[in-house]
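> Mind looking over this structure? Questions follow.
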Amino acid sequence: MAKSLISIRDFSTEEILHILDIATEMEQNKSQNILQGKVIACLFFEPSTRTRLSFETAANRLGARVIGFSDVGNTSISKGESLKDTIKMVANYVDMIIMRHPLEGAARYASEICNLPIVNAGDGANQHPSQTLLDLYTIRETQGRLENISINMVGDLKYGRTVHSLLQALSNFKANFFFTSPDSLKMPDEYKEFLTERGLQYKETSSLNEYINCCDILYMTRVQQERFRNPMEYEKVKNFFRLDASMLDGVKPNMKILHPLPRINEIATDVDDTPYAYFYKQAENGMYVRMAIIAYLLGYK
Ligand code: CP
């Protein structure tokens, strides 16, 4: 079976570090023709700006060509074609499939029905492993290490797939966790149990001020409107947190604010010009890390 990136837990610590090292090479040499002749499919069953465009740019920068769709309305899925048949058809045409899908487990399923590398570009509220690798790259870039980081995850910890993947990855590096969320969007028990089984500490709060001054990374997330079944529940929490520049007076000098983006109201724009804001560079790093993921899964040494 081809090597895929479905969950961050599919990769060993050594593989994660290897991909981050390849990404450093990619940042130093942003165009390399090592995948000439390869064709990569980007299948986005859900909206995306960064993930799709940075994967497509990454493939182009490596010399590969890209096919795909970003709107299922223009495909035969709108006529009722199944996910299985869609994947099997596309697998006949390409060397790798990168896919985002609203259903948890969709990318795993795709990896089981075709013998191509599959990259999970987000499956429901479950995993977003390429985001995790770029988050790790950015944490290492800003802190000089991955070990023993204190990270404060803020916002929608229930539905936010980026925090679920990142928590699992950082458990390999003995991180100290703070979880800041409204009561209705707390980190699910399965992830807290995962940390406890590994002997790792976490603290929870619903106050953004409580742990802001003791973290190295303030990882902000938006409330995931598209995952709410009841719109009134979203209305109650959509503006629960709003970080502004005045709240950063007592933070650690090395602290950096990350956000997978898009942001809605959770970070005021006056934060953008502070030395703590790092989310635009984080998004840029996504391109280098995705170059590394594609090259690694297609056998680049
Ligand atoms: N971070 C992220 O997944 O952004 P997009 O939804 O724009 O791809």
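> When you scan segment 220-230, do you find a residue that is of a type outside the set (Lys, Arg) and more than 24 Å from Gln282 (Cα to Cα), even just one? Outline the logic, then answer.
Residues of segment 220-230 that are of a type outside the set (Lys, Arg), as a first pass: 220-221, 223-226, 228, 230.
After this cut, where a residue has to be more than 24 Å from Gln282 (Cα to Cα) as well, the list is 228, 230.
Checked against the condition, which is being of a type outside the set (Lys, Arg) and more than 24 Å from Gln282 (Cα to Cα), segment 220-230 yields at least one hit.
> Shifting gears a bit: Any residue that is crowded, with 18+ Cβ neighbours inside 10 Å, in contact with a Ser or Thr (Cβ under 9 Å, 6 or more places away or on another chain) and among the basic types (Lys, Arg) - is there at least one of those in segment 106-125?
Within segment 106-125, none of the residues are crowded, with 18+ Cβ neighbours inside 10 Å, in contact with a Ser or Thr (Cβ under 9 Å, 6 or more places away or on another chain) and among the basic types (Lys, Arg).
> Taking Leu185 and the conditions (1) more than 30 Å from Ile97 (Cα to Cα); (2) surrounded by fewer than 18 Cβ atoms within 10 Å (Cβ to Cβ), which numbered condition does it fall short on, given that it satisfies the others?
Of (1) more than 30 Å from Ile97 (Cα to Cα); (2) surrounded by fewer than 18 Cβ atoms within 10 Å (Cβ to Cβ), only one is false for Leu185: (2).
> Scan segment 46-63 and report the pairs whose first residue is closer than 16 Å to Ile34 by Cβ and more than 9 Å from the ligand (Cβ to nearest atom) and whose second residue is of a type outside the set (S, T, N, Q) and in a loop (DSSP other than H, G, I, E, B), with Cβ atoms within less than 7 Å and a gap of 6+ or a chain change.
Arg61/Lys30; Leu62/Ile34; Leu62/Leu35; Gly63/Ile34; Gly63/Leu35
> How many residues are surrounded by fewer than 14 Cβ atoms within 10 Å (Cβ to Cβ) and either within 16 Å of the ligand (Cβ to nearest atom) or assigned to a strand (DSSP E or B) (or both) when one looks only at segment 68-93?
1
> Would you tally the residues in segment 250-272 being more than 22 Å from Val163 (Cα to Cα) and within 24 Å of the chain's Cα centre (by Cα)?
Residues flagged as more than 22 Å from Val163 (Cα to Cα) and within 24 Å of the chain's Cα centre (by Cα) within segment 250-272 amount to 1.
> One residue is enough: does segment 231-249 have a residue meeting the conditions without any contact (Cβ under 8 Å) to a residue 24 or more places away in the chain, under 30 Å from Ser31 (Cβ atoms) and over 15 Å from the mean Cα position of the chain (by Cα)?
Scanning segment 231-249, I find no residue that is without any contact (Cβ under 8 Å) to a residue 24 or more places away in the chain, under 30 Å from Ser31 (Cβ atoms) and over 15 Å from the mean Cα position of the chain (by Cα), so the answer is no.
> Another one. Among the residues of segment 1-54, what is the count of those that are part of a loop (DSSP other than H, G, I, E, B) and of a type in the set (A, V, I, L, M)?
Qualifying residue count, segment 1-54: 5.
> Got a sec? Which of Asn254, Asn265 is in contact with a Lys or Arg (Cβ under 9 Å, 6 or more places away or on another chain), away from the ligand (no atom under 16 Å from the Cβ) and part of a loop (DSSP other than H, G, I, E, B)? So that I can check it myself, show each step before the final result.
Working: Asn254 fails: in contact with a Lys or Arg (Cβ under 9 Å, 6 or more places away or on another chain).
Result of the check over Asn254, Asn265: Asn265.
Conditions (1) surrounded by 12 or more Cβ atoms within 10 Å (Cβ to Cβ); (2) at pLDDT 95 or above; (3) more than 16 Å from the chain's Cα centre (by Cα), marked per residue:
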position	(1), (2), (3)
Ala2	yes, no, yes
Ile6	yes, yes, no
Asp10	yes, no, no
Gln28	no, yes, yes
Thr51	yes, yes, no
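The values are calculated or read from the model by the stated rules, or taken from the named source; none is laboratory data. All figures in this text were calculated on a predicted structure; none of them were measured in a lab. Cβ coordinates were reconstructed from backbone atoms using ideal geometry, including for glycine residues, and neighbour counts include every protein chain displayed.
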